[in-house]
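Notes to accompany the following structure.
The values are calculated or read from the model by the stated rules, or taken from the named source; none is laboratory data. None of the values given here were measured: they were computed from a predicted structure. With ideal geometry, Cβ positions are generated from the backbone for all residues, glycine too; neighbour counts draw on all protein chains shown. All accessible areas refer to the heavy atoms of the entire protein, side chains included, with ligands and DNA or RNA removed. Shrake-Rupley method; radii C 1.70, N 1.55, O 1.52, S 1.80 Å.
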Amino acid sequence: DTEVTQTPKHLVMGMTNKKSLKCEQHMGHRAMYWYKQKAKKPPELMFVYSYEKLSINESVPSRFSPECPNSSLLNLHLHALQPEDSALYLCASSHSRGTGELFFGEGSRLTVL
Amino acid sequence: DQQVKQNSPSLSVQEGRISILNCDYTNSMFDYFLWYKKYPAEGPTFLISISSIKDKNEDGRFTVFLNKSAKHLSLHIVPSQPGDSAVYFCAASPWETSGSRLTFGEGTQLTVNP
């Protein structure tokens, strides 16, 4: 199993809603990531979890709250988002060593109204 | 502050010819350089990488060249095939003990014409 699975594929939410994005991998990887990608822009790193602990937070606003319940799961909790937060949110995983070889999911397309 | 730059937003080549995609970086702390391929409606897929101690890495039709003094890398695809048509992202990362901190370039749309 070399897949990273993300749900939902599409999400539309209002600015007052609370929703969550989910990510799952069964490759035994111990590092998991959230990236944000706006249209025609490169993916931008948001968070890195290593061995279920948050190791990197790239100054992401607190309306985005990551959670890593176990080594296979990664969540991104969303609350009070703004329309400019609309983007493709990509989850990825890798071995814990930092060589950059990430396995990405297909992404969750988020629209904030 | 764009630390990884791909100055060509698009490239078009004929099937069977060589495709050369270029990338420049500014951060001398980067230790690993990678190329990712992305098809529409899919996440990026790792293609090939090179560490800063090497100047060339080859994998089948794909070769990555690194010129550290010029802070420049390139991806050569020979021969190019229509299925190679995708967006190619250059990426770089410093060595990290806890996962990777990838910085991506803006991408180059490669179109291989039959």
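Tabulated values for the structure
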{"item": "P(r) weight above 18 Å for chain B, C-alpha pairs, percent", "result": "46 percent"}
{"item": "Pair A:Ser96, B:Asp31: separation of 7 Å Cα→Cβ label points (nm)", "result": "1.5 nm"}
{"item": "Estimated distance in nm for a label pair at B:Thr111 and A:Lys41, the labels positioned 7 Å out from Cα along Cα-to-Cβ", "result": "2.6 nm"}
{"item": "Local electrostatic count, B:Asn67, Cβ distance below 13 Å [Lys/Arg +1, Asp/Glu -1]", "result": "+2"}
{"item": "Sites A:Thr5 and B:Ala70, calculated FRET efficiency, Cβ-Cβ separation with R0 41 Å, nearest 0.05", "result": "0.55"}
{"item": "Between segment B:79-114 and segment A:10-73, the Cα center-to-center distance that results, in Å", "result": "21 Å"}
{"item": "Free-standing Cys, the protein assembly as shown [no other Cys Cβ under 4.7 Å]", "result": "A:Cys68"}
{"item": "Cross-link partners of A:Lys19 among aspartates and glutamates (Cα-Cα below 19 Å; sequence separation of 8 or more within a chain)", "result": "A:Glu67, A:Glu84, A:Asp85, A:Glu106"}
{"item": "Portion, in percent, of the accessible area of the protein assembly as shown that falls on carbon or sulfur, probe 1.4 Å", "result": "49 percent"}
{"item": "Listed residue pairs exceeding 18 Å between alpha carbons, taken from B:Lys5/B:Lys71; B:Lys37/B:Lys68; A:Lys18/A:Lys41", "result": "B:Lys37/B:Lys68; A:Lys18/A:Lys41"}
{"item": "Approximate shape of segment A:2-113 as ellipsoid semi-axes (Cα gyration tensor, √5λ), whole Å, largest first", "result": "22, 14, 13"}
{"item": "Sequence of B:Asp55, B:Asp84, B:Asp24 when ordered by accessible area, the most exposed leading, probe 1.4 angstrom", "result": "B:Asp55, B:Asp24, B:Asp84"}
{"item": "Residue mean of other protein chain beta carbons inside 10 Å, A:99-110", "result": "6"}
{"item": "Label-to-label distance, nm, for residues given as B:Ile53 and A:Ser20 (7 Å Cα→Cβ offset)", "result": "4.3 nm"}
{"item": "Theoretical gain in end-to-end length, A:Ala80 to A:Ser62 [0.36 nm per residue, Cα-Cα removed]", "result": "5.5 nm"}
{"item": "B:Gly43 long-range amide H proximity, modeled H, under 5 Å", "result": "A:Glu106"}
